[in-house]
Amino acid sequence: MKLNRKEMAELIKNMSGKILITTHKNPDGDAVGSSLGWFNFLKKLRKEVKIIYRDRIPFFFDFLPGIENVEVSEEIKEQFDWVIITDVSDPERTGFSEIPAERSVVIDHHITAEPFTDYAIVEPEISSTCELSYHIMKLIDESLIDLSVATPVYTGIMTDTGGFNYSNTSPETHVVAAELLKIGVDPYKVYTNIFERNRINKLKLLELVLKTLAFELKEKVAHITLFRKFLEETEAYPEEAEGFINYPRSIAGVEVAVFFKEIEENHWKVSMRSKGRVIVAEVAKAFGGGGHKMAAGFEKEGNLEEIKKELFKALEEALEKAYYESYS
Ligand code: 5GP
Ligand code: MN
């Protein structure tokens, strides 16, 4: 059942019993920020709450208040009364094959979200799950939004908007950010903790990945590739490749950037970024993934060359459609 903000606020306020909070695998700033923000908020609301992720938390989120409460586990054995899943548009993205909970809730902002829980709020136009969460929290009890809630929430808004630069940034996003700063969030502290603690290994990985830069479709598509052997060679963590896709996207004339990441042999994670014309969420959806208009992805088994061939064909069609629409 789809709920509006007020109905979701009522639902969460009245939740009783054991509540589990989780998010998507390979958690990013919005995933960690929204789930941890809710965890800290629900603690203040005196709820019985646990927070469990499928994947390890990237080290650059270690400054977030309450992060030590996050458990990392391959499966969830305990039975819960409720599960709140944040920033997730399809059940596979949680990374768990099963979540033992009586009732389930999704709070999300993906355009490709398909209902898979008992209750859901999905706002595809909002910058981030964190921004949406903030509005719902305010409707529950504004006085509970202290620094332990505001800091993770600000972090997710900042990362999902690329530092308030992407087209998902609205006037309202800045209003929310201003309110969070008034609560005491230190933007420089958040920024430096996430972006200015790079390990040399990351830069070495970037060097290897940038060497794979190549173009397709009259240079409208730029792509880079991360082979597993690069991680071994540089001893970098996979999450240190976050943001690499911004380099091919930044090239003049490029419409779509693609990042192929080898997860295991013949298992690839493909990320896409659009500069505005191509709706990459539609392309990703056709490959079983999802995301946003300008940022989307999917996972696929198979040989890299075959995946590339199939994807570039789909992108060719998407580009043709985009150009046709912009001139008609
Ligand atoms: P990223 O490329 O940074 O991993 O993800 C960009 C966006 O695409 C995110 O909003 C993310 O949720 C979505 N996305 C990435 N990979 C997948 C996927 O395998 N499945 C789905 N449904 N969405 C994905
Ligand atoms: Mn998000």
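The numbers here are math on the coordinates, done by the rules we state, and not lab data. The structure displayed is predicted, hence computed values, not measured ones. Note: ideal-geometry Cβ built from the backbone for every residue, glycine included; neighbour counts use all protein chains shown.
By the rule of a C-alpha distance below 17 Å, with chain neighbours fewer than 8 residues away ignored, the lysines paired with Lys6 are Lys138. Phi-derived couplings, Karplus 6.51 cos²θ - 1.76 cosθ + 1.60 at θ = phi - 60°, listed residue by residue for region 119-127: 10, 8, 10, 10, 10, x, 8, 7, 4 Hz, with x used for Gly and Pro. Per-residue 3J(HN,Hα) values for region 154-171, derived from phi via the Karplus relation 6.51 cos²θ - 1.76 cosθ + 1.60 with θ = phi - 60°, read 4, 4, x, 5, 4, 6, 6, 9, x, x, 6, 10, 6, 5, 7, 7, 10, x Hz in sequence order (x marks Gly and Pro).
Can you compute the FRET efficiency between Asp141 and Asp186 using 1/(1 + (r/R0)^6), with r the Cβ-Cβ distance and R0 = 22 Å? Round to the nearest 0.05.
Taking R0 as 22 Å, the efficiency between Asp141 and Asp186 is 0.40.
Under 15 Å from the Cα of Lys285, which aspartates and glutamates turn up, not counting those fewer than eight places away in the same chain? The reachable aspartates and glutamates, counting only those whose Cα sits under 15 Å from Lys285, are Asp90, Glu92, Glu114, Glu299, Glu310, Glu317. Measuring between alpha carbons in the structure, the pairs from Lys25/Lys182; Lys44/Lys182; Lys25/Lys269 lying more than 23 angstrom apart are Lys25/Lys182.
Amide H contacts under 5 Å for Phe80: Ala101, Glu102, restricted to partners 5 or more places along the chain or on a different chain, H placed in the peptide plane at 1.01 Å from N. When the trypsin sites (Lys or Arg not before Pro) in region 19-89 are filtered for DSSP coil states and for at most 14 other beta-carbon atoms within 10 Å of their beta-carbon, the remaining sites are Arg46, Arg56, Lys77.
Label-to-label distance, Glu78 versus Glu216, with points set 7 angstrom from Cα along the beta-carbon direction: 4.5 nm.
In this structure, the amide hydrogen of Val49, modeled 1.01 Å from its nitrogen in the peptide plane, lies closer than 5 angstrom to those of Ile19, counting only residues at least 5 positions away or on a different chain. Distance cut-off 24 Å, Cα to Cα: go down the list Lys218/Lys321; Lys229/Lys313; Lys50/Lys202; Lys50/Lys189; Lys43/Lys293 and report the pairs above it. Pairs exceeding the cut-off: Lys229/Lys313; Lys50/Lys202; Lys50/Lys189; Lys43/Lys293. What's the whole-number percent of alpha carbon pairs in the chain lying beyond 39 angstrom? Across the chain, Cα pairs with separations above 39 Å total 12 percent. The mean sequence distance of close C-alpha pairs (under 8 Å, at least 6 residues apart), as a share of the length of region 128-192, puts its relative contact order at 38 percent. Each DSSP beta bridge with both residues in region 200-326 is either parallel or antiparallel, and the antiparallel ones are about 75%. Sorted fewest first by neighbouring Cβ atoms within 10 angstrom, Phe259, Phe63 come out as Phe63, Phe259.
Answer rounded, prolate or oblate for region 5-195, using the Cα gyration tensor with square roots of eigenvalues a ≥ b ≥ c: rounded when a/c is under 1.5, else prolate when a/b is larger than b/c, else oblate. Taking the square roots of the gyration eigenvalues as a ≥ b ≥ c, region 5-195 is rounded. Full extension of the chain between His174 and Glu317 gives 47.9 nm of extra length, using 0.36 nm per residue less the Cα-Cα distance. Of all DSSP-defined beta bridges confined to the chain, some 45% are antiparallel rather than parallel.
Over region 5-195, Cα pairs under 8 Å with separation of 6+ residues give a relative contact order of 25 percent. Stretching the chain fully between Asn246 and Glu71 yields a gain of 59.9 nm (0.36 nm per residue, less the alpha carbon separation).
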